[in-house]
Amino acid sequence: MKRIGLIVLAAFIGGAAAIGGYKLLEPKNGEMLSFADQQKVLFASNPKISSAGAVDFVEAAAAVSPAVVHIKTSYGGSSSEGQTRSSSPFDMFDDLFGGGGGRRMQRMPRAASGSGVILTPDGYIVTNNHVVDNADKIEVILSNKRKVSAKVIGKDPNTDLALIKVEANDLPVVKMGNSDNVQIGEWVLAVGFPLDLQTTVTAGIVSAKARSIGILGRQQQQPTEEEYEEYRRTGKAPQRTNSSIESFIQTDAAINPGNSGGALVNTNGELIGINAAIASQTGTNEGYGFAIPINLAKKILDDFRKYGSVKRGYIGVSFVPLDADNAEELKVNDINGLYVSSVSPDGGGAAAGIKQGDVIKKVDGIAVYDSPDLQEKIGRLSPGDKVQLTVLRNGALKDIKVTLRDDSSVGVKTAKLAEKSTGTSLGKLGAAFEPASAQLKARYGVKSGVVVSSIEAGKLFDSWEIPKGVLITSVNGTPVNSAKDVESALPRSRNGMTTISGVGPQGRFTYSLTN
């Protein structure tokens, strides 16, 4: 009994010390601690819940669940209680570029419902941009079932992150972890409100890191109403600059529509990612879920609270991830790194001396192999920050210090230069195409299309199980009517992703192929 009393007393003293420390260090005169620094104070006296690799998730789940909230949104200008839109705000985008069936990377949720994670006791909550984007009303249901209205502090489609705020105090908080320390094979928990169920915890492992699936780039192609009408009239899809940052943590913990914006945590109960997307043929979990790394989110969230938007730094270059095929086509004697295909004349890269043909090998001493490796590291920085790039030029490594500039230094030029980037080749697809007949196009109600007449074993179409006989309507957003059209559209792929859209007996589909 005496021992229990001592434990209670120690816990009380520790809590009082943390609160006292927070009040002592609380910013004065308008100064503001970052979310990470605030949490160091909040969790100063907390012991670790369990060791990494533990298979007992009870304590981690108990620590996290109270701080994961249910978010419900209303659309269409209605403020009536509980009225929600029955479909996703991205339906028009799905129809234009191939939704409604087949293999696809699907943004969640389709219904106006999602999850969020409380970061501070006074009501700052992180969620996904697509959960709250275009909402007329945002309602947060806390763990005690209390409903409170929320306002958007900032949102960013390039990372699919949003920060919202509720007027409440003494809320439970999830401790931020370090996503750089996450290892493939590590146990993780996904916590959220899938399929409108109450708080749900699922377990799995980290399947991959720095994964790019092309979903945010496709969202940037979402047309305005005027562009959509133009597409219906001419069949020509609008083109956009792809400034998205994708470096997802991939997990096989069950994630479903409604988990968006929820927590991915390690066995210490630390937040390592914000659940954002699934890869699915059915729209529900099939074993592949994707979360935004918390180390990327920290910078974005601090910008939201300080500025209301993201202040992002840019190098000002377009690049192609190298592999054996690209290296051969580009006549480069290296198959690892990022080949600089073009340099914006007004960007920080040009000012520092980066040249077309350079191969970026390292960022601040850390090796880079694919687009996400560079994008996430730069995404954590701001205009004016310096970054050291190690590039391979004329067979020798050279360190170049680049001062990042804001988006005005890249502007429209980036969009034009990005289209020159080398994408996949017709040979890599491993497929032959024939023009679709007028009858076939009429049957599916499309104006363009080619039929896959044969597939070569071991190539992209074969590995992604795209069937022979399927009707392909567009490649990288460009309508195709012949094999030559397909070949012409392929170089427009960006960030190593080629988007194939079409229609078949199961409905419309979109495949995102990693080159």
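Rank S482, S179, S45 by accessible area, highest first, at a 1.4 Å probe radius?
Details: S482 30, S179 5, S45 60 Å².
In descending accessible area the options line up as S45, S482, S179.
For the stretch 269-406, divide the Cα radius of gyration by the Kirkwood radius and give the resulting Rg/Rh value with two decimals.
Numbers: Rg = 17.2 Å, Rh = 16.6 Å.
Looking at the stretch 269-406, the ratio lands at 1.04.
Given the stretch 112-223 reduced to its alpha-carbon atoms as identical point scatterers, what log10 I(q)/I(0) does the Debye formula return at q = 0.18 Å⁻¹?
Calculated log10 I(q)/I(0) at the listed q: -1.13.
Give me the 1.4 Å probe accessible area per residue for the stretch 289-371, excluding ligands and nucleic acids, in Å².
Values: 3200 Å² over 83 residues.
With all protein chains present, the stretch 289-371 gives 39 Å² per residue.
Name the shape class, rounded, prolate or oblate, that the alpha-carbon gyration tensor gives for the stretch 243-327, where a ≥ b ≥ c are the square roots of its eigenvalues, rounded holds for a/c under 1.5, and otherwise prolate holds if a/b is larger than b/c and oblate otherwise. If you can, show how the numbers build up before the last one.
Values: a/c = 2.01, a/b = 1.12, b/c = 1.80.
The shape class here is oblate.
In nm, what is the difference between 0.36 nm times the number of residues separating K151 and I335 and their Cα-Cα distance?
My answer for the length gained is 61.5 nm.
To the nearest 0.05, what FRET efficiency results for N178 and S437 with a Förster distance of 56 Å applied to their C-beta separation?
Working from the Cβ atoms, E equals 0.50.
With all protein chains present, calculate the accessible area of E59 using a 1.4 Å probe and round the result to the nearest 10 Å².
The value for E59 is about 110 Å².
Nearest 20 debye, what's the magnitude of the dipole of the stretch 309-400 about its Cα centre given +1 on Lys and Arg Cβ and -1 on Asp and Glu Cβ?
On the way: 11 positive and 13 negative charges, 92 e Å.
So the dipole magnitude of the stretch 309-400 works out to roughly 440 debye.
In a solvent-free Debye calculation with one equal scatterer on each Cα, what is log10 I(q)/I(0) for the stretch 360-404 at q = 0.19, 0.24 Å⁻¹, listed in the order of the q values?
-0.56, -0.85
Stretched out fully, how many nm does the piece from K447 to D325 gain, at 0.36 nm a residue minus the Cα gap? Present the calculation step by step, with values, prior to reporting the outcome.
Values: separation 122, 0.36 × 122 = 43.92 nm, distance 3.32 nm.
Separation in residues times 0.36 nm, less the Cα-Cα distance, equals 40.6 nm.
The values are calculated or read from the model by the stated rules, or taken from the named source; none is laboratory data. Note that this is a predicted model, so its numbers are computed, not measured. Cβ coordinates were reconstructed from backbone atoms using ideal geometry, including for glycine residues, and neighbour counts include every protein chain displayed. Remember, those area values only see protein heavy atoms, side chains included, never the ligands or the DNA or RNA. Shrake-Rupley method; radii C 1.70, N 1.55, O 1.52, S 1.80 Å.
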